[in-house]
Each structure stands twice: as C-alpha cells, then as structure tokens.
Amino acid sequence: MIGDIMTSLWAILPVIVLALWACVLLLVDLWLPKDQQGSQQGESNSPITPLLAALGMLTSAAIVIARIGQPTMGFGGMMMADGFSHFICLLLLASGLVTIGLSHDYMKRLGIARGEYYVLLMFSLSGMMLMSMSADLIMVFLSLELLSIPLYVMAGIATPRPSSEEAALKYFLLGAFASGFLVYGIGLVFGATGSTSLQQIVAVVQSGNYNLALILGGAALIITGLGFKVAIVPFHMWTPDAYQGAPSAVTAFMSVGAKTAGFAALLRVFVLAFPAFSADITPVLWGLAALTMVLGNFAAIAQRNIKRLLAYSSIAHAGYIMMALVPYGQDGLSADSVASALFYLVAYAFTNFAAWAVVIALEQAGEKGLELQDYAGLGRKHPALAAVMAVAMLSFTGVPPTLGFVGKFYLFRTVLEGGHVGLALIGVLTSLVSAFYYLRVIVVMYMQEGEPEARREPWLQAMAYGSAIGVVALSIFSAPLLFLASQAVLKLF
Amino acid sequence: MLPIEYYTGLSVILFTLGALGVLIRRNALIIFMSIELMLNSANLAFVSFARSYEGMSGQIFVFFVIAVAAAEVAVGLALIVAIFHTKRNIDVDQINSMKG
C-alpha cells in the first residue's frame, strides 16, 4: 500500500516539485523588500521572485530529463509519466522559462510587477504538465481547471486597466462555459462505459458492452470543451479579445502553454480511448480543422493591431495542428499523427515566442506601439529585432529554412498518408493566404519609413534572439527533434 | 425506483437551459449562474449513472466538480467585482472596448 503511494507520487514528482515550490515562493515573496513608490499596489521590483521561479522550473525539468526512458504509471492508471508526457512537459517548462524572461522587465515597465504573477505562472504550468500525464477523464478535467484558473487571473493582472479586465472576464466566462461542456461530455462517456479511465474505456469498448450514442455525444462534447481551450473555430470567439487585452507576456504564455496542454489532452484521449470510433469522429475533426484554417487565416488579413493579428494567426495554427489529429484512428498512422502534432507544437512555440518577444519590445505604456504602422522603419532602426520578427513571420508562413516549414511538411505528409488530399489542399492554400498578412508585416518593417521605439532589455533580447536562432537552427537539424517526437508515441501500459 | 432515463432526461434539460442562458443572457452574473447550472446538470448525470452502475466513482467525481466550481466562483466573482469597479456595469454587451 505504502509502496503503491510512493510509486504514484514518484510518477508525478516533477509536478509536485513545481506546485510545492510555487506555494513556498508565495510565502517567500511576502518577505522580500518592496519598492516604496509602487507599494500601495503591492508592486515588487525584486528580481529574486522570478529567479526563484525559474530555478523551480529548472529543477522540475531536471527531474523530467532524468526520467526519460523510464515510463511510470501512478494512481491506478490515472497518471502516466511516459515518453509523450516527458516531451510535452519539457516543452511546457521551456515555455515557462521563456515567459519569465519575457515578463520580468515588461511587467516592471508597465507598473504591474507583482510577485504573485510568477506563482500563478507556476501553478498554471503544473496544471498543464498534469494534463499531459492524465490518463483518466477526471484528471483531464481537474488539470484543465488547474491550468485555466491561474490563467484567468494572469490575463487580468493589469487591473485596473479596462482592456485587461475585459480580457480576463471574457476568457473566464467562455473558459468556464467550455469546462461545462467538458464535464458533461465526460459524464456521457461515463454513462456509456461505466468508467472514466482511458484503459477501462478501451476494455469496455472491446467487449462491445456500451452505448454508442452516449459515447459519441460524449466525444463531441469533449472536443467542444477542449476546442475552446486550443481556440478551434467555431469555439474561438474569446481568443482575439483575450489575446489583445491581456498583458503581452501573458498572451505569449497563454497561446503556447494552453494550446500545447489542450492538444496533449486531445491526442491522449482520442488516440488511446476512441480509436474504434474514428469512422464517426474523423469527419468532424476534418471539418473543424478545415474551418479553423480558413476562418483564422482570412480573419487575420483584416487586422491592423499586431496582437489581434497574432491571435488570429494562433487560431489558424490550431487548425494546422488539428490536421494531425484527423488520421488518428487509421492503422499504423496514429504514431505519425502524434509525432507530427508534437513536432508542430514545438515549431509553433519557438516561432510564437520570437514574434511575441518583438511585440513586447515595441509595446509602450498605455497600449501604444501595437499597431502594424508602429513597425514601420524597424528594419533600419533596430535591424536585429526586425530580423527576429522576419524569421518568425517566415516560419509562421512555412518558408524554408525555418521550423515552421519542417513542421508543416511533416503535418501535410501525415495527412496525405491518411488519404485526406482535400484537407492537405486546404492547408496549402490557406498557407498561401497567410503569406499575405505575414509578409505584409515584413514589408512594413523594411520598406516603410518610421521611427519606432524599442526597448533594450537584456533578458527580453536574449529570449528574442534565442527563439529566432532556435527556429532556424532546429529546422536545419530537425532530424533529432523528429526522432524525439516519434519516440514519444502513445501507448497503453 | 424511477428508471434512469428520467434523471438523465432532467439533466439534459438542465444542461440545455444552462447553455441557452449563457448564450442569451447579457448580465455577467446571470451568465455565470447558467454555467453553474451546466456543471450541476453534469453532476446529476454523474450520480444517476453511478447509481445505475452501482459504483462510487461517479459520485466521487461530483465532489471534484463541486470543489472546482467553488474555485471558479472565487476567481469569477473577483473579476466581475473588478469590472464593476471600473465600469459600473456588468452587461457583457457594454464590455466591448476591443474591436476587429
């Protein structure tokens, strides 16, 4: 009995470390000296809190790395620490570290530096990591809430700025709405099979003793619930407002972390539990992926605000990742499907952080410097930042030699192997459409005259250059990364 | 004992009412109440299925959902109060400073 508990705790040790570290940090932050001028708002300019938060994430990452190759299962099969979750956890922890680098000076500059911010970041991160390990629908729900609730607060952390509060309220109301769908979907699957454990659902499905209508309804509601989180059309309405209103560093984290965790849950639940129903579910996923790519890309064309443009671009990219999920149930393809989705998530994370780092560098107090026109002349005045933005835009479009190109290549190959030529065609055509608005950013930066002001903050610059170099370098040496992704395939114990 | 269809039927009705409430009502508090209704309809489905399978796991899930709903209330009401402080209004149609 004690042995069981120890193995279970051992399986989720990286998350336990992160969550406990966050609790302790919350107390430590109280005793750190506060800046007198900003103290009525609880502002803290001390660099110790972000450093300690980063240290916690590094510790957690070290544990994950030490575990690679040793899959463990805990809590009677509710949690699985396998290759898949290790891959996702490392990606999430790296995103968390980059977010700290992006946030530190930015939050100070906007006068919203608060110690709790980093604690919330760590709580949200532990929810995301739990989500990648969940092998039980109850855990999927609980970790979804653990990742979302801190994110709601983070989106509104710039209060009393109205746009930040508005972003938080919209994100909160639609996020809670989505979790209602998710819970009801889990309820229906439970009603159909008598269990919420993915292993037992598969066993019941094989025995044939289940209610088909209930399980399909449940799967549809689960897609809806998780679709809100990863911003798939038609569940994307909150995305532009929430991304625009939230502080840019939070948006960067939200767009990478929540999407990664949401897709991790979608992949695990559908590939493990519902492969038998792929004939019914695949057409739905096909339609959602196509709709998301088309609507996300076309809506982005009309945008003049860079944060809104990146929000629609993130919707479009959710559609591309969704494409990988379409052939999930075909024999021999589920491994490719998971690997290409994981690879694209990495590509998306690097590219997105590069783009958001530049946005943060150019943002001025009072939400200035966020229009496309404010980027005019960046190529002459700040050539390095303009180069980072250009790399990010080319990678989003899918031009070699960038990670975005390699990611799209693997995605389209998986989709074509699954025989969905039409979907691949839509993907390629919408990529062409996306070139229009991504390249427009580059044109504005290099060919128009202007006097943009950018911040020179060491950590921010390090993150910008690091992500951009990663986008290019990893695309040239993409084989090891793809090997890691294909090692992270999903299997039941 | 009533057959299980009665309970699940009621939970479907409650869920639909909740979802419609979110889509139709414009007051942030009422939208929030409708979301709670959706969660509670799921709870009803869970306990009734748990009864028909004669297991405890569904009933335990209900406790998780209640706990999470309480956590959501804490954050949600704080957000609504903060919005009310700045805007003196919690009508979601009036909260539309961002366009595009």
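The values are calculated or read from the model by the stated rules, or taken from the named source; none is laboratory data. Every value quoted in this text rests on a predicted model; they were computed, and no experiment measured them. Reconstructed Cβ throughout: ideal geometry from the backbone, glycine too, with neighbour counts over all protein chains shown.
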Practice task
Would you mind stating whether A:T159 is more than 9 Å from every other protein chain (Cβ to nearest Cβ) and β-branched (V, I, T)?
Solution key: no
Completion exercise
Checked region A:186-232 for anything more than 30 Å from B:I83 (Cα to Cα), among the small types (G, A, S) and buried (at least 24 other Cβ atoms within 10 Å of the Cβ); matches are A:G187, A:G191, A:G218
Practice task
Run down A:G96, A:G111 and say which single residue is modelled with pLDDT under 95, away from chain B (no Cβ under 14 Å) and either more than 20 Å from the chain's Cα centre (by Cα) or closer than 30 Å to A:Q70 by Cβ (or both).
Solution key: A:G111
Handout entry: Boolean, A:L147 is more than 10 Å from chain B (Cβ to nearest Cβ), more than 16 Å from A:T239 (Cα to Cα) and in contact with a strand residue (DSSP E or B) (Cβ under 8 Å, 6 or more places away or on another chain)
Key = no
Fill in the blank from the handout: B:G21: passes all of (1) under 12 Å from the mean Cα position of the chain (by Cα); (2) within 9 Å of another protein chain (Cβ to nearest Cβ) but (2)
Practice task
All but one of (1) buried (at least 24 other Cβ atoms within 10 Å of the Cβ); (2) touching a helix residue (DSSP H, G or I) at 6+ places or on another chain (Cβ under 6 Å) hold for A:F270, so report the exception by its number.
Solution key: (2)
Exercise for the section: For region A:121-230, please list each of the helices (runs of 4 or more DSSP H) lying entirely inside it that holds at least 1 residues being touching a Lys or Arg at 6+ places or on another chain (Cβ under 9 Å), free of Cβ contacts under 8 Å to residues at least 24 places away in the same chain and not small (G, A, S). Expected result: A:162-193
Practice task
Run down A:L221, A:L214 and say which single residue is modelled with pLDDT of 95 or more and hydrophobic (A, V, I, L, M, F, W, C).
Solution key: A:L221
Exercise for the section: Return yes when B:L2 is out of contact with any strand residue (DSSP E or B) (no Cβ under 7 Å at 6 or more places or on another chain) and either at pLDDT 95 or above or within 11 Å of chain A (Cβ to nearest Cβ) (or both) and no when it is not. Expected result: no
Practice task
State which residue pairs qualify: first residue in a loop (DSSP other than H, G, I, E, B) and inside region B:1-18, second residue surrounded by 14 or more Cβ atoms within 10 Å (Cβ to Cβ) in any location, beta carbons under 9 Å apart, and separation of 6 or more residues or different chains.
Solution key: B:M1/B:R51
Exercise for the section: Determine if region A:406-427 includes at least one residue that is under 28 Å from A:G377 (Cβ atoms), crowded, with 21+ Cβ neighbours inside 10 Å and under 23 Å from the mean Cα position of the chain (by Cα). Expected result: no
Completion exercise
By my count, helices (runs of 4 or more DSSP H) wholly in region A:234-307 with at least 1 residues that are acidic (D, E) are A:238-245, A:278-301
Practice task
Take the residues in region B:50-67 that are more than 9 Å from every other protein chain (Cβ to nearest Cβ) and surrounded by 14 or more Cβ atoms within 10 Å (Cβ to Cβ), then tell me which one is farthest from A:N305 (Cα to Cα).
Solution key: B:R51
Exercise for the section: Could you tell me which residue of region B:68-100 is surrounded by the most Cβ atoms within 10 Å (Cβ to Cβ), considering only residues that are more than 8 Å from chain A (Cβ to nearest Cβ) and among the charged types (D, E, K, R)? Expected result: B:D91
